[in-house]
Structure formats: C-alpha cells, structure tokens
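K.L.:
Once you've had a glance at the structure underneath, I'll fire off some questions.
Any read-out appearing in this document is the output of simple, stated calculations on the displayed coordinates, not a laboratory observation. All values reported here derive from a predicted model rather than from experimental measurement. Reconstructed Cβ throughout: ideal geometry from the backbone, glycine too, with neighbour counts over all protein chains shown.
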Amino acid sequence: MKRFLFLLTAISTGALAADPEFLLVIRDHRFQPAELTVPAGTRVKLRIENQDAAAEEFESYTLHREKIVPGKGSALIFIGPLSPGRYPFFGEFHEKTAEGVIIAK
Amino acid sequence: MFAAAVIVFREVLEAAIVIGIIAAATRSVPARGRWLAAGLLAGLAGSALVAVFADAIGAMASGLGQELFNAGVLGIAVLMLAWHNIWMSSHGAALAAEARTVGGDIRDGRRSLSILLVVVGLAVLREGSETVLFLTGIAASEGSGSGPMLLGGLVGILAGAAVGYGLYAGLLRVPMRWFFGATGLLVLLLAAGMASQAALFLIQAALLPSLAAPLWDTSALLPVNSVLGMLLHSLVGYDPRPAGMQIVFYILALAAIAGGMGLANRPRRANLRKGTA
C-alpha cells in the first residue's frame with residue numbers, strides 16, 4: 001500500500017510539473033479574480049488560497065469539481081482538459097458572494 | 001438560515017441513505033442497533049478529528065491529500081459493501097428462513113455487522129467532516145449572528161436523517177420474499193456509485209486520466225442539485241456529467257460484486273437441486 005501511494009505521488013508530481021498553474025484567492029468570501037482565463041484543451045492546475053478564517057468549498061457543476069479549502073489555507077485542483085467556453089464556479093459555503101467563472105480559450 | 005439548512009442537508013443526505021439501507025439490510029441480525037450506533041458515534045468522532053486536521057490532510061501528497069483521503073475512504077467502503085453482499089449471497093437465505101439460528105450463524109452475522117459498522121462510520125466520517133467545517137466556519141466568522149445559521153444546520157441534519165429513516169421504514173415494508181434481493185441490489189448500486197465517486201477524486205488529483213469528460217451531459221434534464229438528482233446521486237451514484245473513467249469504475253465494481261455474489265450463490269443452489277432429486 002505504501003509503495004502504491006508512493007507510486008501515485010510520483011506520477012502526480014510528474015503531472016504537476018507539466019500543467020500550467022493559475023491562482024485564485026478567496027478574501028471576504030469573494031473569489032479574486034472573479035474571471036479567470038485558462039488555455040483550452042490541456043489540463044490546468046488551479047491553486048486556491050483562502051485568506052478568510054472560515055473554510056470554503058470550491059464547487060463547479062460544469063467543471064465537475066468540489067473541494068474544501070480550509071480557512072487560512074490553500075488547495076490544489078486539477079481541471080480540464082476543457083473545450084472552449086465559460087465554466088461558472090462558486091463557494092458552496094458562501095454562495096451569495098463567492099462566485100466566479102473560468103473561461104477556457 | 002435556509003441556505004445553511006440546504007447545505008447541511010446535502011452533506012447529511014448521503015450518509016443518512018447509507019445508514020438507512022444498511023439498517024434495513026441487517027434487520028434479521030440480533031443486536032444490530034448497538035453496532036449501527038457505534039458506527040455512527042465513531043464516524044462523528046472521526047469527523048471532528050478530520051475537520052481539526054483538514055489543513056494537514058489537505059497539505060499531504062503535495063496538496064492532494066484531501067482527494068487521496070476521500071478516494072481511500074470510498075474505496076474501503078466499496079470493499080466492505082462488496083464483502084457484505086457476497087457473504088449475504090451464501091448465508092442470506094438461511095438468515096431469512098430462521099432469524100434466530102444456532103451459534104455459528106449468529107457469530108457469522110456479527111462478523112458481517114462489524115464490516116457494516118465500518119461502512120456506516122466511513123459514510124459519516126466523509127460527509128460529517130465537511131459539515132463540521134462549514135458549521136465551525138459560521139460560528140467563527142459570523143460571531144453573534146451565527147445563531148440562526150446554526151439552527152438552520154440543525155434543521156438540515158434532521159431533514160437528512162428523516163429521509164434516511166423514511167428509506168429504512170419503506171424497505172421494511174418490502175415483503176420478505178423480495179427483501180434480501182431488494183437490499184442486495186441497493187447495496188450493489190451504492191457500492192458502484194461510491195467507486196465512481198472515488199474515480200472522480202483520483203481524476204481531480206490528476207492521478208487518473210478522465211477519458212472523455214464529460215461522457216454525456218444530462219444536467220439540463222436532471223440537475224444533481226435538484227431533490228431527485230440528489231437522491232439518485234446518493235442511492236445509485238447518478239452523475240449528470242460523468243467522466244469516462246467514472247463509468248469504467250462503476251461498471252467494474254458492479255460486475256465484480258455481482259460476479260462474486262453469483263459464485264457464492266452457486267454451491268447452495270447445486271446442493272438444493274441435489275437434495276430435491
């Protein structure tokens with residue numbers, strides 16, 4: 001099992017190096033930037049930094065992703081490869097303010 | 001308050017459905033109530049721990065700890081459910097025929113129960129830790145205004161538990177003739193749905209390719225945030241935009257467990273035929 005986990009980690013770090021990375025910041029229950037343009041047709045690494053004290057859950061139906069971002073913490077999410085288009089996302093724990101869209105070009 | 005209730009309901013629903021099905025599936029095993037309660041309590045305690053260490057877990061495996069943790073929890077639950085179903089295929093008929101049999105069967109029944117206790121614990125652990133993070137976040141950030149939100153959370157928990165209980169009560173009304181078939185099928189689909197979810201976490205962590213994502217899109221027809229969509233998601237693993245790899249996992253789990261059940265069932269059938277000849 002340990003060896004298997006190690007293998008998984010090795011594969012993932014290999015993947016980490018190749019994928020372009022983008023940063024999203026959560027502050028006062030809002031995403032910054034609220035509009036993020038990423039390349040289409042390739043897997044993209046999204047780093048989400050939560051500067052609030054409260055935890056947030058990054059969620060997107062169209063991206064098919066869901067991940068907890070602890071308060072004063074950060075999280076890593078891989079998305080795509082996406083076809084060109086708009087992909088709305090939101091913070092499930094503060095849905096009224098935490099909204100954004102990823103634009104794949 | 002309403003928003004908080006909906007969020008907590010969504011988190012609680014999945015665990016409540018798992019518990020409802022398992023409570024029904026084990027109706028004929030003595031002392032199952034204590035086992036289920038123990039699983040529930042262990043899951044709640046685990047939830048609090050996971051919530052406290054969310055940061056540390058998330059930071060493991062270069063930031064992909066949460067995905068590995070979730071996929072691991074789901075994977076163990078799938079194995080346990082598979083084991084239960086295959087075991088029931090060889091012993092279920094005996095349990096159904098004579099609810100209180102001699103020592104050996106009861107001991108076997110206990111072993112099966114302890115497996116299901118783990119599944120209950122894991123289901124509560126996964127959904128519970130997110131609920132704890134959400135509610136403690138509210139309590140921390142809203143200060144004195146957090147009362148109504150926490151009350152909403154309580155409403156959400158009760159509503160989720162009510163659905164789980166409804167499912168349980170409904171299953172108990174199924175005639176005994178079809179009962180083990182019905183619960184066996186539900187456990188089978190539950191396990192397949194969990195396998196597909198585990199695949200999604202591994203895709204999210206870039207440990208698996210998605211193969212065609214999404215393979216199809218029925219989100220306009222039946223969105224997963226609708227009540228029916230949520231129920232079907234928890235019950236049979238409905239996903240409006242599945243990745244190809246999720247379908248591969250779903251079908252593999254379904255085929256492996258159904259195959260195991262068929263194999264476990266065969267010797268008994270053969271014996272029966274011999275007995276009547």
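K.L.:
Residues with amide H under 5 Å of A:E57's amide H, sequence separation 5 or more or different chain, H placed in the peptide plane at 1.01 Å from N; which?
P.N.:
A:V69, A:E92, A:F93, A:H94
K.L.:
Residue separation times 0.36 nm, minus the C-alpha to C-alpha distance between B:W216 and B:L252: what's the value?
P.N.:
Working: separation 36, 0.36 × 36 = 12.96 nm, distance 1.89 nm.
Extra length available between B:W216 and B:L252 comes to 11.1 nm.
K.L.:
Amide H of A:V38 versus every other amide H placed in the peptide plane: which residues, excluding those fewer than 5 positions away on the same chain, fall under 5 Å?
P.N.:
Residues meeting the amide H criterion: A:I103, A:A104, A:K105.
K.L.:
OK, next. Could you state the angle between the C-alpha long axis of helix B:227-236 and the longest principal axis of the C-alpha atoms of chain B, as a value from 0 to 90 degrees rounded to the nearest 10?
P.N.:
With rounding to tens, the tilt is 50 degrees.
K.L.:
If you project the alpha carbons of chain B onto the principal axes, what extent comes out on each, in Å, largest first?
P.N.:
73, 42, 37
K.L.:
Name the chymotrypsin sites (Phe, Trp or Tyr not before Pro) in the stretch B:137-237 that are in a loop by DSSP and that have at most 12 other C-beta atoms within 10 Å, would you?
P.N.:
Sites meeting the loop and neighbour criteria: B:W216.
K.L.:
Explain nothing, just compute: Karplus ³J(HN,Hα) = 6.51 cos²θ - 1.76 cosθ + 1.60, θ = phi - 60°, for every residue of the stretch B:155-160 in order, whole Hz, x for Gly and Pro.
P.N.:
4, x, 4, 5, 5, x
K.L.:
Which ³J(HN,Hα) values, rounded to whole Hz and listed in residue order, are derived for the stretch B:188-198 from phi using the Karplus coefficients 6.51, -1.76 and 1.60 in 6.51 cos²θ - 1.76 cosθ + 1.60 with θ = phi - 60°, glycine and proline given as x?
P.N.:
Each residue's phi maps through the Karplus curve to give 4, 5, 4, 5, 5, x, 5, 4, 5, 5, 4 Hz.
K.L.:
Sort A:E56, A:E66, A:E21 so the one with the fewest other Cβ atoms within 10 Å of its own Cβ comes first.
P.N.:
Values: A:E56 27, A:E66 18, A:E21 11.
Fewest-to-most ranking of A:E56, A:E66, A:E21: A:E21, A:E66, A:E56.
K.L.:
Now, a different point. Of all beta bridges DSSP finds with both residues in the protein assembly as shown, what is the antiparallel percent, to the nearest 5?
P.N.:
Approximately 70 percent, going by the DSSP bridge assignments.
K.L.:
Sum -39500 (n - 2.57) across every DSSP H segment of at least 4 residues in chain B, then divide by the residue count to get the 222 nm mean residue ellipticity, nearest 500.
P.N.:
Values: 9 runs with 226 residues, N = 277.
Rounded to the nearest 500, it is -29000 deg cm²/dmol.
K.L.:
Please state the charge dipole magnitude for the protein assembly as shown, taken about the Cα centre, from unit charges on C-beta atoms (+1 on K and R, -1 on D and E), reported in debye and rounded to the nearest 20.
P.N.:
Details: 30 positive and 25 negative charges, 383 e Å.
Magnitude of the dipole: close to 1840 debye.
K.L.:
What is the pair-distance distribution P(r) of the protein assembly as shown, computed from all Cα-Cα distances in 10 Å bins starting at 0, with each bin given as a whole percent?
P.N.:
Result returned by the calculation: 5, 22, 32, 24, 12, 5, 1, 0.
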